[in-house]
Amino acid sequence: MPHLPASGPASDTPLTSNVIRAAYSATVRKRVQRLSLLVCAIALSCLADFAIGPAGLSPATLFHILLHPDTAPVTQRIIVWDIRLPYSLMAVCVGAALGLAGAEMQTILANPLASPFTLGISAASAFGASLVLVLGLSVSGIPESGMVALCAFTFALASVLLLDGVSRRRQATTGTVVLFGIALVFSFQALVSLMQFMATEDALQQLVFWTLGSLVRASWPKVALLAGVGCVVSVFSLRAAWNLTTLRMGEERAASLGVDVQRVRRAALLRISLLSALAVAFVGVIGFVGLVAPHIARRLLGEDHRFYLPGSMAAGALILSLSAVAARILVPGVVVPTGIVTSLVGIPFFLAIVLRREGEA
Amino acid sequence: MLPPDAPSLLARHVTVRFGRHTVLQDVTAGPFQPGKICALLGPNGSGKSTLMRAMAGLLPCSATVTLGQDALSALPLAQRTQRCLYLPQALPAPVDLPVLEALIAARHTGRLHPSHTQEDDIESALHWLEKFTIRDLALKNMSALSGGQRQLVGLAQALSRQPDALLLDEPLSALDLHHQFAVMALLRRETIAHHLITVLVLHDLNAALNMTDHVVVLHNGVVKASGAPTCVLTPALLREVYRVHARVEQGADGRHFVSVDGIA
């Protein structure tokens, strides 16, 4: 009876089970180290983001006020506690939310170009927000900020469901989904422009803020809400990590191994909508973080979703935190909207992914 | 020797429609016996993969699938796939995931009560990689493997779940001749040793003749014939189903082979 021959290239030292175990343990350790390094980099970037700014306060003063707020003048206390700190933390929370949303999108759509921004979910959210701001949609008992988030979420969910529907069509290719997403981006941008055209001066100013994407309106309640939702959502994401990892190996394969693919997708779509909508409702349209972060995580940590998902969150947080720092130092004395910085960094990355895929094809 | 209570797999009244097109019409297949390998044969589009997916519960259809006394069709998907596992024809995607982890993921996926430790997971993965003699690939990413190697990993994933019934859709399609024989030999050993019910879709009639215990021939969505390979694969059936003039001959070593004279 024939036996299977050894596959793969011949090796001088045969891989014994113990060697494989040790090498795999080393791989896992390396991933934990890389994840820890990302977290350290986020902390450093967050500190830099906190310390740099147009107020002319030295880092030593800033940290003194941070540790002893009662001893500082009111204006300085406000700058540190109500502006700088929520701004820095908002960058981390929004970045992590977009990173996680992008990672889950790329997995469930099996598409490396998927992200809330590139496929129109952010634009849909912005349109939802604009409906509240310009047309004054309201429901009794819900404050305007809550309505903005709710409307942004509804449109995010609708656009995600549309994308999912297109991606599941028999003849849909990666290109089809991306093209449909681009159509969504342009459609919702046109609708937002229509809203801008109809808006009053006040509403127009708020809308511009949304379309540019800026962290300057960060506040503690927003940071707390986004962090809370992010934590809850990430727990559910991590619980689905094995199923998502298997889904990456093919939808039919995942189903054959017992994954209720429709249920996993629907749950992921809900999480993506929630994260994208909250991020857009609080800071506007921030581009490319959700696209770039998963690629960095994949490169650093592989596609075991137990590491890939937290890695995407950490990479997203780091990118947006560094972008926030860049937004403060690009033009002296002026804080450039962070969405502009992420787009400037993200577009070359986007092109690189497209060209790489063309090369592979 | 089979245990007396070893269950067999039976699919009854399988009807599958895609829109207005009926792919399978009230098909009854089986009982597929434990410890035996059965080949599903038939030309392209005859409904082989559809029947397998329907038996595994991966298609909306009307069917009654039983494993012994248990009605599989009444079980939730996760429980059902633990008893009766379908291996799709498509190879595992080339993702950035080490082969070892691809096997661990398959072991965890859809499990209702994952109680094993990481050490158990690694032990099991290495055991199955060893069986397929692809242990050297354990640390390689799936994205770095050839199609044939990914097919072997897919087979290892399926067997590592240790189901009662294995439904393999063209499990040899990406393998070279040597690996085709080796995988069939491994399947034979596992099927006998663990009283597995192994059903596979094959296009290679010679493999079906010499390496399976039973064949079921599907044609136009109905079971055309079923039985021992040498009894079923007659010139008349080959002409009607495969539209070829062919004979089944026996070599000096006793092995059978199909000799095709031309298309009918």
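The values are calculated or read from the model by the stated rules, or taken from the named source; none is laboratory data. Since the structure is predicted, the reported quantities are computational estimates derived from the model, not experimental observations. Cβ: placed from backbone, ideal geometry, glycine included. Neighbour counts: every protein chain shown. Remember, those area values only see protein heavy atoms, side chains included, never the ligands or the DNA or RNA. Shrake-Rupley method; radii C 1.70, N 1.55, O 1.52, S 1.80 Å.
Just a few scattered comments:
- A:F236 fulfils the conditions (1) modelled with pLDDT under 90; (2) under 18 Å from the mean Cα position of the chain (by Cα); (3) open to solvent by 20 Å² or more (accessible area, probe 1.4 Å) except for a single criterion, (1).
- Single unsatisfied condition, B:V99 versus (1) without any contact (Cβ under 8 Å) to a residue 12 or more places away in the chain; (2) closer than 21 Å to B:L187 by Cβ: (1)
- The condition of being touching a Lys or Arg at 6+ places or on another chain (Cβ under 8 Å), more than 30 Å from B:R239 (Cα to Cα) and surrounded by 21 or more Cβ atoms within 10 Å (Cβ to Cβ) does not hold for B:P34.
- In summary, strands (runs of 3 or more DSSP E) completely within segment B:174-264 and bearing 1 or more residues that are aromatic (F, W, Y) occur at B:256-263.
- Long-range neighbours under 9 Å by Cβ, at least six apart or interchain, first residue under 18 Å from A:L162 (Cα atoms) within segment A:178-207, second modelled with pLDDT of 85 or more and open to solvent by 60 Å² or more (accessible area, probe 1.4 Å): A:F180/A:L162; A:L184/A:L162
- Selection count, segment B:180-222, where residues are open to solvent by 30 Å² or more (accessible area, probe 1.4 Å) and at positive phi: 2
- Of B:L155, B:L168, B:L126, B:L91, all but one fail to be outside any helix (DSSP H, G or I) and either facing chain A (nearest Cβ under 7 Å) or out of contact with any helix residue (DSSP H, G or I) (no Cβ under 6 Å at 6 or more places or on another chain) (or both); the exception is B:L168.
- Residues that are under 14 Å from B:F18 (Cα atoms) and not in a helix (DSSP H, G or I) were ranked within segment B:47-59; the one that is farthest from the other protein chains (Cβ to nearest Cβ) is B:G47.
- Across segment B:103-114, not a single residue is classified as in a helix (DSSP H, G or I), at the interface with chain A (Cβ under 9 Å from one of its Cβ atoms) and in contact (Cβ under 8 Å) with a residue 60 or more places away in the chain.
- So B:G68, is it touching a strand residue (DSSP E or B) at 6+ places or on another chain (Cβ under 9 Å), within 10 Å of chain A (Cβ to nearest Cβ) and at positive phi: no
- Residue check for B:L177: within 11 Å of chain A (Cβ to nearest Cβ) and either among the small types (G, A, S) or surrounded by fewer than 23 Cβ atoms within 10 Å (Cβ to Cβ) (or both): yes
- Residues that are within 12 Å of chain B (Cβ to nearest Cβ), touching a residue at least 40 places away in the same chain (Cβ under 8 Å) and in contact with a Gly (Cβ under 7 Å, 6 or more places away or on another chain) within segment A:255-297 comprise A:P294, A:A297, listed in sequence order.
One line per residue, one yes/no per condition, for (1) more than 29 Å from A:A91 (Cα to Cα); (2) loosely packed, with under 12 Cβ neighbours inside 10 Å; (3) at pLDDT 90 or above:
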position: A:S7; (1), (2), (3): yes, no, no
position: A:T13; (1), (2), (3): yes, yes, no
position: A:V28; (1), (2), (3): no, no, yes
position: A:F50; (1), (2), (3): no, no, no
position: A:L62; (1), (2), (3): no, no, no
position: A:L67; (1), (2), (3): no, yes, no
